[in-house]
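The values are calculated or read from the model by the stated rules, or taken from the named source; none is laboratory data. This structure is a prediction, so every number in the text was calculated from the model and none was measured. So basically every Cβ, Gly included, is an ideal-geometry build from the backbone, and we count neighbours across all protein chains shown.
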């Protein structure tokens, strides 16, 4: 999969962009607030139909314009395809070769991009929700069915919380509890399957960049469950949740919120016997996330047989020189098509080659750069 | 300026689901240009549908009389009862001509988020119906989404203790459909529910 050409109209602060990315590496250089990230986000949005940063769709449209448009010519499975996405009045529409398409999954074969942003680097230190998001993004890429499955769980959870607040109880509550348990068991199965693949790869990548004697360990921690989820069958997982829901029902009714289930879980990151969240240095924490991302890319390559597009938003300035050098060398050797943004071109030079496309982004205008 | 009666018709038509202002206008012009009998027949049909069509007092499907033709048909199997969410679902199953039993239309599913509980559905009527002991198997044919599944479980808990056989329609790939066109979630479920041959 390759992006051959990219065009934007009124996307965030970018009024009009027309460019051909490099076959391997494309680097956007510019100061903060000029639109580098927006350029990367456009690629992410084109491939996933989701904004990279949280927010409403309407925010993607340039201030004063009434619609935003991103289009790209992709080489997919040996054929060239023109794919475009439009946002207007808070709604989006995707087109493939000019024809309306409900989803792009069929064209991209599920996975398409792995993004790496400075926000990701704070994941180890951040809240459990940040770590769940990191896991779930990787699960979406690995198992396309997870999109529907996680939506079903979210809906079941919302229904149950409403019942708790209304103090409905009785057989209706029991029926929705059982539905929730089934949907939750499915989410657990997916997350644990992904972690079984990613944990050893992450540990291996961390060994190379961590400069730490203690090994990196990833454990899935299911909140308020005594069962060892990893060893249990899906039916046993559902049964364990049913038990926990029943035991915690009075408390949950009191709070009007379900306190146990995949939405309350955490990914525990350890360096040897110590919790990385509390004991790892900032450099080690960032190295852990970097190891996770490299593991995710490698895992997708192993599972799919090809590499996704990689988007790295100003990550280099957040990494120390040695780890940055590792990342740049990894990117240069991976053979993936990579989009990098940076404030300082010298930081990413190591990833560049003779065919690298250099761009500058200034006040929403993207132009070619001969190369620093 | 268009005359007011035309504006009124366009406004009414535009209230229909899936009909926008432009389509409503086109429909209105069509009615205007057609022979006057058409408008008369159309308005009569519209009136009759609300005046004459009502819900069957036993199964709550659509009928003109007190009981619907399916409930009156002596050839239908009284021992099997298929519970569906809505009339469209009943029509879909009936079209297969595979099911010989009778129906019960719930007119919705349990949905706390939409404020729908057991009292908003035709559940009490279902229980009353089952009292005479003629039904042996209840087939729950609600949709395979969260609310449909929860409603199916709710019914199971309600009906099993009454000594009834309760079954759920199977899920998986559509017949004659191409595997390649199935959505990932359906395909994943079909795979995990595979059978040995």
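Side notes on the structure shown:
Per-residue answers, yes or no, for (1) surrounded by fewer than 20 Cβ atoms within 10 Å (Cβ to Cβ); (2) under 30 Å from residue A:284 (Cβ atoms); (3) within 11 Å of another protein chain (Cβ to nearest Cβ):
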residue	(1), (2), (3)
A:81	yes, no, no
A:95	yes, no, no
A:138	no, yes, no
A:157	no, no, yes
A:162	yes, no, yes
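- Among residues of segment B:109-127 being without any contact (Cβ under 8 Å) to a residue 60 or more places away in the chain and either part of a loop (DSSP other than H, G, I, E, B) or under 18 Å from residue B:80 (Cβ atoms) (or both), the one that is farthest from the other protein chains (Cβ to nearest Cβ) is B:126.
- Applying the set (1) part of a helix (DSSP H, G or I); (2) assigned by TED's automatic domain parsing to the domain that holds residue B:131; (3) free of Cβ contacts under 8 Å to residues at least 12 places away in the same chain to residue B:90 leaves exactly one unmet item: (3).
- One residue stands out among those in segment B:148-183 that are within 11 Å of another protein chain (Cβ to nearest Cβ) and part of a loop (DSSP other than H, G, I, E, B): the one that is surrounded by the fewest Cβ atoms within 10 Å (Cβ to Cβ), which is B:183.
- Looking at segment A:20-124, the strands (runs of 3 or more DSSP E) lying wholly inside it that each contain 2 or more residues that are under 30 Å from residue A:324 (Cβ atoms) sit at A:25-29, A:67-76, A:113-116.
- Scanning segment A:203-231 for residues being part of a helix (DSSP H, G or I) and out of contact with any strand residue (DSSP E or B) (no Cβ under 6 Å at 6 or more places or on another chain) gives a total of 8.
- Single residue of A:235, A:185, A:175 found to be within 14 Å of chain B (Cβ to nearest Cβ), assigned to a helix (DSSP H, G or I), crowded, with 22+ Cβ neighbours inside 10 Å and at pLDDT below 95: A:175
- Qualifying residue in segment A:100-119 (condition: under 30 Å from residue B:161 (Cα atoms), more than 9 Å from chain B (Cβ to nearest Cβ) and more than 19 Å from the chain's Cα centre (by Cα)): no
- Selection status of residue A:191, more than 8 Å from chain B (Cβ to nearest Cβ) and closer than 17 Å to residue A:264 by Cβ: yes
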